[in-house]
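Note sheet for the following structure.
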């Protein structure tokens, strides 16, 4: 059910809830281009638990309306409970009252639904954009599966090719947090795979927010007209933008997809490095269920975790334990059970352990930009042994099969809801691919008959 605006209800700006000129402009533009069309479509993504918690909507929103949960989640009733995206308002045009502590921040710009990976669909063939593939490992760093990601970032930092890198670090208790690296030493300290999830792309919000508030953004006055002279802003904002002009981002497939869509709208992300990923877990599940109950060890003794050859392996200071992946996979975050991307299709460079020998990383170069940057990286040794692509494809197929759902119909329903569809919705509808089975069936049907002799 769509919520329509009431012309007699004053806007949040008119009631003094939102006061800045910039937000005033955004509301005017939003009402101009998308009037009376209801909640942004990410509301449906959250409602049906499809949200991957990538954080891209939080990063791009000019008024911080959608946010990814940060507080602990309750797994006592639902083992798959996780930190998904939530809108700060239930109804877009609700008559918010500051006296009741209610604020309706959404300005109807709909940037969030343009960068949501779920609303963009999934790749049908994960391997059709690979330019080159090879196995590699760092000559100077020691890390899980060759430390290739750390070596790429370290080398690019040393050459001044990137200003910062966004990734995830952990402490001795395996608790993770997002970190913005600004030097090669930080990258080296943070090496190693982590299996609990953080909304990595949300960190781009600080940089994007600075852009919106700076003289680099469109010069529009509160009444909607263009300004002749640039606005003057404080130096710290300009320093933020100068400091983070070339950003590298490391993430799992859902985060990589979101970062790819974010980059199409805001080009500060210079390089996207994707990790090959089957699933990830909430800290609550990992620390309260998997480690103590399934693996039977103390998290304080754990020195390494790994998914390898169908096993989840935990090494402690005393012993090594392993269980079949199928024993822990059902406990993955709910959003992971709807993900149909194994190899980070939308990355510039994808990296993972599967398909190469122990101690080496599989590297897929997917874009020309990725190829250019990888050529600049020093101290990576490449193997003469080819990648076992069949193994990678087998695992990708397994993920697709296990997580199969009708995302095409979901996209059709969501984007066809408006009449006519919004321009970006029309683009999404036009690019929805047919199922592979249907394509093969059509090809067989259209195959010309063999001429009679």
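The values are calculated or read from the model by the stated rules, or taken from the named source; none is laboratory data. Being a predicted model, the structure only gives us computed values, none of them experimental. Here the Cβ positions follow ideal geometry from the backbone for every residue, glycine too, while neighbour counts run over all protein chains shown.
Tell me whether region 169-178 contains one or more residues that are in the same structural domain as residue 203 (by the TED database), within 19 Å of residue 268 (Cβ to Cβ), assigned to a helix (DSSP H, G or I) and touching a residue at least 24 places away in the same chain (Cβ under 8 Å).
If we filter region 169-178 for residues that are in the same structural domain as residue 203 (by the TED database), which is where we start, we get 169-178.
After this cut, where a residue has to be within 19 Å of residue 268 (Cβ to Cβ) as well, the list is 178.
Restricting the remaining residues to those that are assigned to a helix (DSSP H, G or I) gives none.
Taking every residue of region 169-178 in turn, none turns out to be in the same structural domain as residue 203 (by the TED database), within 19 Å of residue 268 (Cβ to Cβ), assigned to a helix (DSSP H, G or I) and touching a residue at least 24 places away in the same chain (Cβ under 8 Å).
Please report, ordered by residue number, the strands (runs of 3 or more DSSP E) entirely within region 337-383 with at least 2 residues that are crowded, with 22+ Cβ neighbours inside 10 Å, at pLDDT 95 or above and within 20 Å of the chain's Cα centre (by Cα).
Of the strands (runs of 3 or more DSSP E) lying wholly inside region 337-383, those with at least 2 residues that are crowded, with 22+ Cβ neighbours inside 10 Å, at pLDDT 95 or above and within 20 Å of the chain's Cα centre (by Cα) span 349-352, 361-365.
Go through (1) in contact (Cβ under 8 Å) with a residue 24 or more places away in the chain; (2) in a loop (DSSP other than H, G, I, E, B) for residue 419 and report which single condition fails.
With respect to (1) in contact (Cβ under 8 Å) with a residue 24 or more places away in the chain; (2) in a loop (DSSP other than H, G, I, E, B), residue 419 is out only on (1).
Go through region 71-87 and count every residue that is more than 17 Å from residue 280 (Cβ to Cβ) and buried (at least 19 other Cβ atoms within 10 Å of the Cβ).
Matching residues across region 71-87 total 1.
Can you tell me which of (1) in contact (Cβ under 8 Å) with a residue 60 or more places away in the chain; (2) over 25 Å from the mean Cα position of the chain (by Cα); (3) outside the structural domain of residue 137 (by the TED database) is the one residue 387 doesn't meet?
The failed condition is (3).
Mind checking which residues of region 296-309 are farther than 16 Å from residue 145 by Cβ and under 29 Å from the mean Cα position of the chain (by Cα)?
Those that are farther than 16 Å from residue 145 by Cβ and under 29 Å from the mean Cα position of the chain (by Cα): 299, 302.
Which of the residues that make up region 347-368 are more than 15 Å from residue 135 (Cα to Cα) and either touching a strand residue (DSSP E or B) at 6+ places or on another chain (Cβ under 7 Å) or in the same structural domain as residue 50 (by the TED database) (or both)? Spell out how you get there, then give the answer.
First, the residues of region 347-368 that are more than 15 Å from residue 135 (Cα to Cα): 347-348, 367-368.
347, 348, listed by residue number.
One residue is enough: does region 130-144 have a residue meeting the conditions part of a helix (DSSP H, G or I) and at pLDDT below 90?
yes
In region 145-162, which residue that is part of a loop (DSSP other than H, G, I, E, B) and closer than 16 Å to residue 188 by Cα is nearest to the chain's Cα centre (by Cα)? Walk me through it before giving the result.
Narrowing region 145-162 to residues part of a loop (DSSP other than H, G, I, E, B): 147, 159-162.
Next, only the ones that are closer than 16 Å to residue 188 by Cα stay: 147, 159, 162.
Working: 147: 22, 159: 27, 162: 20 Å.
Applying the filter and picking the extreme gives 162.
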